[in-house]
Amino acid sequence: MSLTQTDLKGVVPLVSRGKVRDIYELDPETLLFVATDRISAYDVIMSNGIPSKGKILTKLSEFWFDFLPVPNHLIKGDLFEKYPQLAPFRSQLEGRALIVRKLKLIPLEVIVRGYITGSAWKEYKKLGTVHGIKVESGLVESQEFKEPIFTPSTKAEQGEHDENISPEQAAQIVGQELCGKLEKLAVELYVKAKEYAKTKGIIIADTKFEFGLDENDEIVLVDEVLTPDSSRFWSKENYKLGEGQDSYDKQFLRDWLTSNGLNGKDGVAMSDEVAKKSKEKYVEAYKQLTGNKWQE
């Protein structure tokens, strides 16, 4: 069974439902992030979920929050000890809920690309650019850039589509100084994670970070981090230059949607086989990156 929506019966107020997470307010300074088993592709949420996906994302995010040398929004501690009123909802929350600081969200998807693939490859073939940035000529699909590049996008509301923008456009949204800080930090975090992942047999082709600002306007890492939902994970062993790659992330779902003419359509249900294989890929990525066994 998959959990595609939580219901805490008004015990704590619901703030919003995102593509994956249901967010509740625990108190004026604290939020509860609950990773459901919803999955989206091409900015559309599937009508069914992937069993345990939210738990896998939560555990993987916790691993990276500990690994990366940057302040994050996580508040550690036992949820049900801190908030005993949530004990009746243990079946919905256990293993998939994080207590986090409420911060001022920076309205950008902070994307770093280390390899050319996906929408970047499509734009490059057509225009020789990536997010409007002129990059080296002669690249082939899935080739690594000489240096990782910052390719932001807008942060869309649910039901809307994220829009690729240039760093100059991002600076117009959040200011040049903050944009520069985000770029530097995101590239540093990506490189650290990429080098680690390579030792575990995984190539992180690209990833999306999200950041907030605390009461001192310091940058804080928020949301999920370096999961198969927010990143492209490839098999290092099977990597072949000049073609699409064997992927651990939801590219498997995207390929199935595309081949069946369903990409971008609402109300689509994954087949049982697609849901099962997608879960297997998420579990495999978790096990390889963390070195831990997966337990339901």
Top of 82, 240, 55 by mean-square fluctuation, Gaussian network on the chain, Cα under 10 Å | 82
Identify the residues of region 18-54 with backbone N under 16 Å of a label point that sits 7 angstrom from the Cα of residue 214 along the Cα-to-Cβ direction, or state none.
-> 29-31
Does anything in region 92-120 have its amide N under 16 Å from the 7 Å Cα→Cβ label point of residue 27, and if so which residues?
-> 99-103
Hey, got the dipole for the chain? About the Cα centre, +1 on K and R Cβ, -1 on D and E Cβ, debye to the nearest 20?
-> 740
Rounded to the nearest 10 degrees, what's the angle between the helix 53-67 long axis and the longest principal axis of the chain, both from Cα atoms, 0 to 90?
-> 70
Please name which of 175, 77, 205 has its Cα lying farthest along the dipole of the chain towards the positive end, using unit charges on Cβ (Lys, Arg +1; Asp, Glu -1) and the Cα centre as origin.
-> 205
Set Lys and Arg Cβ to +1 and Asp and Glu Cβ to -1, take the dipole of region 1-102 about its Cα centre, and tell me which of 48, 67, 87 lies farthest positive.
-> 48
Where does each of 261-268, 127-134 land if you order them by average Cβ count within 10 Å, highest first?
-> 127-134, 261-268
Beyond 25 Å (Cα-Cα) in this structure, taken from 102/181; 146/279; 236/281; 192/281; 208/281; 19/55, we find 146/279
The chain: projected area of the alpha-carbon convex hull, averaged over directions, in nm² = 15.4
Where the only charges are on Cβ atoms (+1 Lys, Arg; -1 Asp, Glu), what is the dipole of region 104-235 about its Cα centre, to the nearest 20 debye?
-> 700
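Each value in this text was obtained by applying a stated rule to the coordinates, not by laboratory testing. Since the structure is predicted, the reported quantities are computational estimates derived from the model, not experimental observations. FYI the Cβ positions are ideal-geometry reconstructions off the backbone, even for glycines, and counts take in every protein chain you see.
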